[in-house]
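Shown next, in structure tokens, is the structure this report addresses.
The values are calculated or read from the model by the stated rules, or taken from the named source; none is laboratory data. Since this is a predicted model, take the numbers as computed values, not measurements. Please note: Cβ atoms are built from the backbone with ideal geometry, for glycine as well, and neighbour counts cover all protein chains shown. Accessible surface is based on the protein model in full, side chains and every heavy atom, while ligands, DNA and RNA are left aside. Shrake-Rupley method; radii C 1.70, N 1.55, O 1.52, S 1.80 Å.
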Amino acid sequence: MLCTRRLGVLAAPAVAVLPGRPCLGGLGAGLRARGVSTSWSPVGAAFNVKPQGYRPDLFGERRGLFGVPELCTPEGFHIAQENALRKTDVLVARACSTPPGPQTVVIFDELSDALCRVADLADFVKIAHPEPAFRQAADEACRSIGTMVEKLNTNVELHQSLQKLLADDKLVDSLDPETRRVAELFMFDFEISGIHLDKEKRKRAVDLNVKILDLSSTFLMGANFPNKIEKHLLPEHIHQNFVLAGDHVIVDGLHAEAPDDLVREAAYKIFLYPNPGQLRCLEELLSSRDILAKLVGYSTYSHRALQGTIAKNPETVMEFLEKLSDKLSERTIKDFEMMQRMKRKLNPQYSELMPWDPPYYSGVIRAEKYNIEPSLYCPFFSLGACMEGLNILFNKLLGISLYAEQPAKGEVWCDDVRKLAVVHESEGLMGYIYCDFFQRADKPHQDCHFTIRGGRLKEDGDYQLPVVVLMLNLSHSSRNLPTLLTPGMMENLFHEMGHAMHSMLGRTRYQHVTGTRCPTDFAEVPSILMEYFANDYRVVNQFARHYQTGQSMPKNMLSRLCESKKVCAAADMQLQVFYATLDQIYHGKHPLKRSTTDILRETQEKFYGLPYVPNTAWQLRFSHLVGYGAKYYSYLMSRAVASMVWKECFLQDPFNRMTGERYRREMLAHGGGREPMLMVQGMLQKCPSVDDFVSALVSDLDLDSETFLMDSE
């Protein structure tokens, strides 16, 4: 999952380097010297041993988070925030007094970078730091910077400085394509913030944006908040499956994999029981988004959100979803029938297939048919082996190597965070990846990529190297046992590393469009493409070794695993179509004709097929409505593009260096500095249609189309 937050024109997610500090403080020396460091060590070994803690340095300076000296303490966020705001005032004055030209765009990007340096780092720290004081200070910094950004987005004088540039045809023609696109993106963000409105309406737009940020934060918290029920209302024999608190049972999730039907049913009905406050929050969030969209000139929020994407507009999205649903329909019915037969076989008294059943029964069918018990696979997927596999793949495909580097004192927020240097064979150090891979108390249970700092060309000619965090939730290694991954965990690791490589190699002149700072339906393509590599035996055979015997994973094991993923895959994809359609309706024409729960029921019955359960409100747990509002379809469309790229470019040889270089040149290098469809077209050598996207997804469901299994060998 790509973790993004949009503050507005000046807030493509960026980094936290404080004004006047060289490249994240303590990282400065490493960033300037692009050669090989003697402190680097092999990546595989670094992940199969417990971290040794910080290097002994009794008299050394404490660097602060990510090497930023001010961030040794929570109070440092206030200092960083004030420094950024002071620098903002200086840059705004420069932008408004500089004659229109390329330098205007450079100043705008520097302004964006100055704010994002604080906001993006704080965005990560506020959810991931183990200390509450750091989390609170980071949250306050996010709010302060966010409010400033919304004010800048409606600053008339600042807007006019950019408008003078774009209104001069000769000047525009003199701009290189990337500079022109970045200027147009800044202008677009001004416009969707209502810069063309009168003063009163501009203020209203700012207020609405701030309100939406607050509602989004409230909704996210509520989406993960557990529900409770009095113990006596549940059969005693299932109490042990939940957390008990006095006279209550606490339900904090759907327990979708629980073998007991009654446990899954209870969890579903209790966890999804509607919370009136959360319901009001969602309704107000959707209404506020619609009001803002109409205020700045769009008919719906979805039309506003889809500007500049591959899909371009909600009409194309709905065409894609409806055509895909039609193609999936018969397959989905067969999947549901297969699951219902299994349910009837195991539990005759509960014969009807219900929404809490598919994850469990599809898993039972896979295990029974293909013998894919995770415990058989985990010994081959030690974390160190998987990291070495990624290293091998990136080296062969892109000339990239990963090296473990010892962090300085205070640089990381937890002792088990690993720091990786990303090094190109001829270009040198490309950036840093901080790997926050292990479980801890109060850590979010999600796999995410966070941009901490985006790359950009600085005025002195140096390149500001990107810094990102990858967050997983793996168990710790022990004295005799390394961290072992299930096949799903291994695939997630490859997925998130796809985001990281996009950040490392999206080396644009401007941080506003660097790396994953691109439309959402394109941003997921590199990460999903990595899942195809993770399921190719030629790739897996490079690293999958039994941690005790050194034996390679037998080919038929991986073939069984890949084939098993096709079991009930149509029903899984149909569920995603339902979610994406619901998202489009919620962000479509307002006022909504029915309640969000009535819309959920109707959409579920039309686009999924399993019955709605009365007194449940799944939409109140749909946290993607915040970060992916009107864009949830992106997962499906990105998968379609990734499937086409895999089959047409990498299927024949997943290690082909020329293809890897073309992939970097056409798709990774531009970040958001080129229109997404142009990047897709450059890689595929054709412009795919909606029908092409649908065909790519459906063909992935066919067992006989999975030629990458190479069963004939």
Inset, instruction - Inspect the range 95-117 for any residue being farther than 27 Å from residue 433 by Cβ and of a type in the set (Lys, Arg) and give the result as yes or no. - result: no
Inset, instruction - Have a look at 653, 598 and point out the one that is at pLDDT 95 or above, among the acidic types (Asp, Glu) and not in a helix (DSSP H, G or I). - result: 653
Legend entry - So residue 203, is it over 25 Å from the mean Cα position of the chain (by Cα) and either in a helix (DSSP H, G or I) or surrounded by 22 or more Cβ atoms within 10 Å (Cβ to Cβ) (or both): yes
Legend entry - Residues satisfying the stated conditions in the range 308-339, i.e. open to solvent by less than 10 Å² (accessible area, probe 1.4 Å) and assigned to a helix (DSSP H, G or I): 317, 320, 321, 324, 328, 332, 339
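Would you confirm, using the coordinates I've provided, whether residue 603 is over 29 Å from residue 689 (Cα atoms), in contact (Cβ under 8 Å) with a residue 24 or more places away in the chain and either more than 19 Å from the chain's Cα centre (by Cα) or not in a helix (DSSP H, G or I) (or both)?
No: the conditions fail for residue 603.
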Legend entry - Residue that is nearest to residue 435 (Cα to Cα), among those in the range 350-381 that are in contact with an Asp or Glu (Cβ under 9 Å, 6 or more places away or on another chain), outside any helix (DSSP H, G or I) and of a type outside the set (A, V, I, L, M, F, W, C): 357
Inset, instruction - Kindly indicate the residue of the range 649-699 that is of a type in the set (Asp, Glu) and more than 23 Å from residue 570 (Cβ to Cβ) and also least open to solvent (accessible area, probe 1.4 Å) among those meeting that condition. - result: 666
Inset, instruction - Evaluate the following for residue 352: is it at negative phi, touching a Phe, Trp or Tyr at 6+ places or on another chain (Cβ under 6 Å) and of a type outside the set (A, V, I, L, M, F, W, C)? - result: no
Inset, instruction - Any chance you could count how many residues in the range 515-544 are open to solvent by 10 Å² or more (accessible area, probe 1.4 Å), closer than 30 Å to residue 305 by Cα and outside any loop (DSSP other than H, G, I, E, B)? - result: 4
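Per-residue answers, yes or no, for (1) among the basic types (Lys, Arg); (2) closer than 27 Å to residue 445 by Cβ; (3) touching a helix residue (DSSP H, G or I) at 6+ places or on another chain (Cβ under 6 Å):
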{"site": "214", "(1), (2), (3)": "no, yes, no"}
{"site": "230", "(1), (2), (3)": "no, yes, no"}
{"site": "298", "(1), (2), (3)": "no, no, yes"}
{"site": "308", "(1), (2), (3)": "no, no, no"}
{"site": "322", "(1), (2), (3)": "no, no, no"}
Inset, instruction - Filter the range 545-566 down to residues that are under 26 Å from the mean Cα position of the chain (by Cα) and hydrophobic (A, V, I, L, M, F, W, C) and give me whichever is surrounded by the most Cβ atoms within 10 Å (Cβ to Cβ). - result: 561
Legend entry - Test result for residue 583, within 25 Å of the chain's Cα centre (by Cα), open to solvent by 50 Å² or more (accessible area, probe 1.4 Å) and of a type in the set (Asp, Glu): no
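Restricting attention to the range 631-642, does a residue exist that is under 26 Å from residue 305 (Cα atoms), surrounded by fewer than 17 Cβ atoms within 10 Å (Cβ to Cβ) and of a type in the set (Ser, Thr, Tyr)?
Kept after step one, since they are under 26 Å from residue 305 (Cα atoms), are these residues of the range 631-642: 631-642.
Those left that are additionally surrounded by fewer than 17 Cβ atoms within 10 Å (Cβ to Cβ): none.
No - not one qualifying residue is present in the range 631-642.
For the range 137-189, what are the residues that are closer than 26 Å to residue 218 by Cα and hydrophobic (A, V, I, L, M, F, W, C)? Walk me through it before giving the result.
First, the residues of the range 137-189 that are closer than 26 Å to residue 218 by Cα: 137-154, 189.
If the condition is that a residue be closer than 26 Å to residue 218 by Cα and hydrophobic (A, V, I, L, M, F, W, C), then 137, 138, 141, 142, 145, 148, 149, 152 are the ones that fit.
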Legend entry - Enumeration of residues in the range 141-195 that are among the aliphatic types (A, V, I, L, M), over 22 Å from residue 89 (Cβ atoms) and not in a helix (DSSP H, G or I): 167, 175
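When only residues in the range 430-470 that are among the charged types (D, E, K, R) and not in a strand (DSSP E or B) count, which is least open to solvent (accessible area, probe 1.4 Å)?
Step one: list which residues in the range 430-470 are among the charged types (D, E, K, R), which gives 436, 440, 442-443, 447, 453, 456, 458-460, 462.
Retained after the next criterion (residues that are not in a strand (DSSP E or B)): 440, 442-443, 447, 458-460, 462.
On the way: 440: 43, 442: 120, 443: 7, 447: 41, 458: 41, 459: 125, 460: 109, 462: 70 Å².
Within the range 430-470, the match that is least open to solvent (accessible area, probe 1.4 Å) is 443.
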